[in-house]
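The values are calculated or read from the model by the stated rules, or taken from the named source; none is laboratory data. Every value quoted in this text rests on a predicted model; they were computed, and no experiment measured them. Cβ: placed from backbone, ideal geometry, glycine included. Neighbour counts: every protein chain shown.
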Amino acid sequence: MTDFSENFSNDFIINHLGEDRSTYLNSGAPPVFQSSMFAFPHLDAMREALRHESSQPFYSRGTNPNLQMLGRKLAALEGGEECLLFASGSAAIAAAVCSFVRQGDHVVCVEKPYSWTGKLLTQWLARFGVETTFVDGSPDSVERAFRPGTRVLYLETPNSLTFEIQDIKALTQLARSKGVVTIVDNSYATPIFQKPLALGADISIHSASKYLSGHSDVVGGALICSAEHKERIFAGEFMTLGGIMSPMSAWLILRGLRTLEIRLKKSHENGLAVARFLEQHPSVDQVFYPWLENHAGYEIARKQMTGAGGLLSVRFKSQDESKISAFANHLQYFLLACSWGSYESLCFPQAALCDSANYQSARVDPSIFRLYCGLDDAENLIADLDRAIFLSSI
Ligand SMILES: *Cc1c(COP(=O)(O)O)cnc(C)c1O
C-alpha cells in the first residue's frame, strides 16, 4: 500500500496512490466491492473497525474499498487531508453548508451560484431560519455582507454560466479573520487547474458528474477538507442524511480519473480555440471564458488557475426567437443537453429555460448559449458553429 506522506505528482496519485493490488488477487484494475457490509474474524476486530467507521469498511453507508481508493486520490489531488463522497455534487454541497449552520445563522454566497445551490440557500435553509446574502464576490462586497452570525462564505469560481472569478486567497483571508469558513465549488476547474485549499479555503467541493468521471455515465459528488471537518461532517450530515456514493459509481469515477489530465488538456485547447473563433465573429455580442484577455476576471484567473477547460458561453447579438431556435437545431457536433465535462460536446441554450411565448419577460437571457467543448477536434466544433450561425442567420 502506498504511503501518503509526501506531495505526490498528479500522475502518481492518479495511477498509483491508494492501489492495494495484493489485497485483491493482484488484479490490475480494482474489483467493484459490491457489498453492503464487511465481516470480521473476531469481536476485537469488529470493535476496532466500528471505532474507525469513517475510514474502515464496516457498513457501506460509512465507507467501502472503492470509495476509500477514490477518496484517497481526490484528497491528494486537491492537497487536502480527507475526502467524503456523495451521491451527487448537490448532496456534497448541502452536507457541507448544513454542517456549519444552525437556526439564526447567516451565509454569504457569491451571486448566481449553481441553480440548486441557490435553492438550497434561499428556499431549503430559509425554512430553518438560516439567511443568505448574495454578493458580487469582490472583497468589498463580502466584507460589507459579513455580520456577527455569518458562519459560511460560499464561493463558486468560476461560476458555470458567465464564469465570474473570485479571488480565493483574498476572500479566504477576510473570512478567516472573522471566524467564517470558506466553501468553494471547484467543479469548473478541477484540482488539475485550481487548488482552493492551498489558497486558504476550508472545503473544496466537486460535482464528480462532470470532469472527474468524464464519461456522462455517473452522478456523484466529492467534498475535500481537513480530518477534523471530515469527522464532524461524517458523524453529522453524512451518516444521518445518508446521501452516499455507490461502489459502482466510485469505480466508474476512478476509471474516468485515469484520463483526467489528458482530457482537460484537450478540452482546454478546444475551449480556447472555439472562444477565439466566436470572439471575432460579427454575429457575436460577447464570449464568456476566463482564458480570454477581455474577461472581467482574467487577471485573477491567471493568478489562481492553470487552465480553464472546455466550458464557455456565447451571447449573440440577435434576440430573435426563430433564429435562436434555428441555431440550436442546426448544431450537429454539439448535442443539446445539460451537464458538461465528458467526451462529447454539448450546448445548453438559455432559451430552454424561457417560456418561448414570452422571451422578453424571462429572467434569463435567451441569446446566451453555454457550450461545452469535449474531445472532438476543434476544427469540427468551429465548423459546426460556423455552419449553424450561417444557416440560422443569427
Ligand atoms: C453540476 C454542478 C453541480 C451539482 O452537481 P450534481 O452532481 O449534478 O449534483 C454543482 N456545481 C456545479 C458548478 C455544477 O456544474
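Quick check on segment 317-325. Is at least one of its residues out of contact with any Cys (no Cβ under 8 Å at 6 or more places or on another chain), among the hydrophobic types (A, V, I, L, M, F, W, C), part of a strand (DSSP E or B) and modelled with pLDDT of 95 or more? Spell out how you get there, then give the answer.
Applying the first criterion (out of contact with any Cys (no Cβ under 8 Å at 6 or more places or on another chain)) to segment 317-325 yields 317-325.
This time we only want the ones that are among the hydrophobic types (A, V, I, L, M, F, W, C), so: 324.
This time we only want the ones that are part of a strand (DSSP E or B), so: none.
No, segment 317-325 contains no residue that is out of contact with any Cys (no Cβ under 8 Å at 6 or more places or on another chain), among the hydrophobic types (A, V, I, L, M, F, W, C), part of a strand (DSSP E or B) and modelled with pLDDT of 95 or more.
Could you check segment 90-101 and list, in sequence order, the residues that are more than 29 Å from Phe12 (Cβ to Cβ) and either within 16 Å of the ligand (Cβ to nearest atom) or out of contact with any helix residue (DSSP H, G or I) (no Cβ under 8 Å at 6 or more places or on another chain) (or both)? Answer for segment 90-101, where residues must be more than 29 Å from Phe12 (Cβ to Cβ) and either within 16 Å of the ligand (Cβ to nearest atom) or out of contact with any helix residue (DSSP H, G or I) (no Cβ under 8 Å at 6 or more places or on another chain) (or both): Ser90, Ala91, Ile93, Ala94, Ala95, Val97, Cys98, Phe100.
So for segment 113-136 (the condition being within 16 Å of the ligand (Cβ to nearest atom), in a loop (DSSP other than H, G, I, E, B) and acidic (Asp, Glu)), does at least one residue qualify? Within segment 113-136, none of the residues are within 16 Å of the ligand (Cβ to nearest atom), in a loop (DSSP other than H, G, I, E, B) and acidic (Asp, Glu).
The rows are residues; the columns are (1) within 16 Å of the ligand (Cβ to nearest atom); (2) in contact (Cβ under 8 Å) with a residue 60 or more places away in the chain; (3) at negative phi; (4) touching a Cys at 6+ places or on another chain (Cβ under 8 Å).
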{"site": "Lys73", "(1), (2), (3), (4)": "no, yes, yes, no"}
{"site": "Leu77", "(1), (2), (3), (4)": "no, yes, yes, no"}
{"site": "Gly80", "(1), (2), (3), (4)": "no, yes, yes, yes"}
{"site": "Ser88", "(1), (2), (3), (4)": "yes, yes, yes, no"}
{"site": "His106", "(1), (2), (3), (4)": "no, no, yes, no"}
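Can you tell me how many residues in segment 154-192 are away from the ligand (no atom under 14 Å from the Cβ) and farther than 12 Å from Ser204 by Cα? Of the residues in segment 154-192, 14 are away from the ligand (no atom under 14 Å from the Cβ) and farther than 12 Å from Ser204 by Cα. When you check Pro31 against the structure, is it within 19 Å of Val218 (Cβ to Cβ) and exposed (fewer than 13 other Cβ atoms within 10 Å of the Cβ), yes or no? Yes; evaluated as a whole, the condition is true for this residue.
Please go through segment 205-221 and give me each residue that is hydroxyl-bearing (Ser, Thr, Tyr) and either surrounded by 21 or more Cβ atoms within 10 Å (Cβ to Cβ) or near the ligand (Cβ under 10 Å from one of its atoms) (or both), ordered by number. Break it down into steps so the answer makes sense when it comes.
At the first step, the residues of segment 205-221 found to be hydroxyl-bearing (Ser, Thr, Tyr) are 207, 209, 211, 213, 216.
Those that are hydroxyl-bearing (Ser, Thr, Tyr) and either surrounded by 21 or more Cβ atoms within 10 Å (Cβ to Cβ) or near the ligand (Cβ under 10 Å from one of its atoms) (or both): Ser207, Ser209, Tyr211, Ser213.
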